[in-house]
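Okay, structure first, notes after.
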Amino acid sequence: MAMAKVFAIANQKGGVGKTTTCVNLAASLVATKRRVLLIDLDPQGNATMGSGVDKLALEHSVYDVLTGECDLATAMQYSEHGGYQLLPANRDLTAAEVALLNVPNKEHRLREALAPIRENYDYILIDCPPSLSMLTINALAASDGVIIPMQCEYYALEGLSDLVNSIQRIGQLLNPSLRIEGLLRTMYDPRISLTNEVSAQLKEHFGDQLYDAVIPRNVRLAEAPSYGMPALVYDKQSRGAIAYLALAGELVRRQRAKAKTATA
Ligand code: ADP
Ligand code: MG
């Protein structure tokens, strides 16, 4: 039985499209018949709300799973519009940092929780908070790869090298097989010349790690979460929905190519 690939969607900057990418990539992978679990690891609970689950009405959340109060299956909910399973989060999760302080193996709580269910999924996506907290460290320790959404702005490259260094350091300490899975350009507007310059620099520095798929700035992507829907349900013709479907296709193709070289 194949094990799920686990990807952390991370960037210490807020507002770069992490949550939008999680929800829409999850739904797009479902559209290609993959079994997907989305883990909301941000106390803001945006991925939870965007999946159509009320963060204020949770009986159990990812917090209970991290602290060992319940198992993952108990806390999990189905996102009806998304078609994937969701491990939801809300403000309770802000207490995790302190609750985990004296817990042995605190960096590996999520990894351990995922171990028994990994073979039930093709992809597990983790929506990280905009910080390098113990929550993000748990995500990185549990992941095979990191997907970094970013806007092509002037300061993006600077923040990016800090992020890549942190990921490498955390990887060395906790999870040696962790790698950068891919860099994703979000809220992309090719009419802005700076966008093209930054984009060219990214290609030069990161080569194949830069996804060919780019996510355009698209109002449907911003509207859909208030209906608890991915864009491909809210407006399946929208450029945003189509872009995330293209990303899912690229991700699956890359995965297949890697599996081939690994067994060749
Ligand atoms: P993060 O999780 O990194 O903080 P979000 O995914 O929440 O970022 O995105 C920040 C804001 O930008 C949200 O209001 C979201 O709806 C909006 N947004 C994200 N991606 C796009 C896009 N491609 N086009 C238009 N709006 C977007
Ligand atoms: Mg977010």
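For this structure, a couple of remarks:
- Taken over region 93-115, the criterion of being modelled with pLDDT of 95 or more and touching a Leu at 6+ places or on another chain (Cβ under 8 Å) is satisfied by L93, K106, E107, H108, R109, L110, A113, L114.
- Once region 170-187 is narrowed to residues that are under 25 Å from R118 (Cα atoms) and charged (D, E, K, R), the residue that is surrounded by the most Cβ atoms within 10 Å (Cβ to Cβ) is E181.
- Residue check, T32 at pLDDT 95 or above, near ligand 2 (Cβ under 10 Å from one of its atoms) and not charged (D, E, K, R): no
- Screening A27 against (1) away from ligand 1 (no atom under 13 Å from the Cβ); (2) out of contact with any Ser or Thr (no Cβ under 9 Å at 6 or more places or on another chain); (3) within 26 Å of Q255 (Cα to Cα); (4) part of a helix (DSSP H, G or I) leaves a single unmet condition, (2).
- Each residue in region 211-241 was checked for being surrounded by fewer than 16 Cβ atoms within 10 Å (Cβ to Cβ), within 16 Å of ligand 2 (Cβ to nearest atom) and either within 18 Å of the chain's Cα centre (by Cα) or of a type in the set (F, W, Y) (or both), and 1 pass.
- Total residues in region 70-106, condition touching a strand residue (DSSP E or B) at 6+ places or on another chain (Cβ under 8 Å), away from ligand 1 (no atom under 16 Å from the Cβ) and either over 26 Å from G17 (Cβ atoms) or hydrophobic (A, V, I, L, M, F, W, C) (or both): 4
- Highlighted here are the helices (runs of 4 or more DSSP H) found entirely within region 173-264 that include at least 2 residues which are free of Cβ contacts under 8 Å to residues at least 60 places away in the same chain and not basic (K, R): 193-206, 219-223, 239-263.
- Of all residues in region 33-62, those satisfying the criterion of being surrounded by fewer than 24 Cβ atoms within 10 Å (Cβ to Cβ), touching a residue at least 24 places away in the same chain (Cβ under 8 Å) and not hydrophobic (A, V, I, L, M, F, W, C) are R34, R35, P43, Q44, N46, G52, K55.
- Pairs are defined by a Cβ separation below 7 Å, a sequence spacing of at least 6 or placement on different chains, a first member in region 8-26 that is free of Cβ contacts under 8 Å to residues at least 40 places away in the same chain, and a second member that is more than 9 Å from ligand 2 (Cβ to nearest atom); no pair meets this definition.
Listed here are the residues, each with its yes/no results for (1) farther than 30 Å from T67 by Cβ; (2) within 16 Å of ligand 1 (Cβ to nearest atom).
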site: H108; (1), (2): no, no
site: E153; (1), (2): yes, yes
site: L163; (1), (2): no, yes
site: R191; (1), (2): yes, yes
site: L194; (1), (2): yes, no
site: G207; (1), (2): yes, no
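- Subset of region 10-24 (residues that are more than 9 Å from ligand 2 (Cβ to nearest atom) and either part of a loop (DSSP other than H, G, I, E, B) or at pLDDT below 95 (or both)): A10, N11, Q12, K13
The values are calculated or read from the model by the stated rules, or taken from the named source; none is laboratory data. The structure presented is a predicted model; accordingly, all values stated were derived computationally and were not measured. Ideal geometry is used to build each Cβ from the backbone, glycine not excepted, and the neighbour counts take in all protein chains shown.
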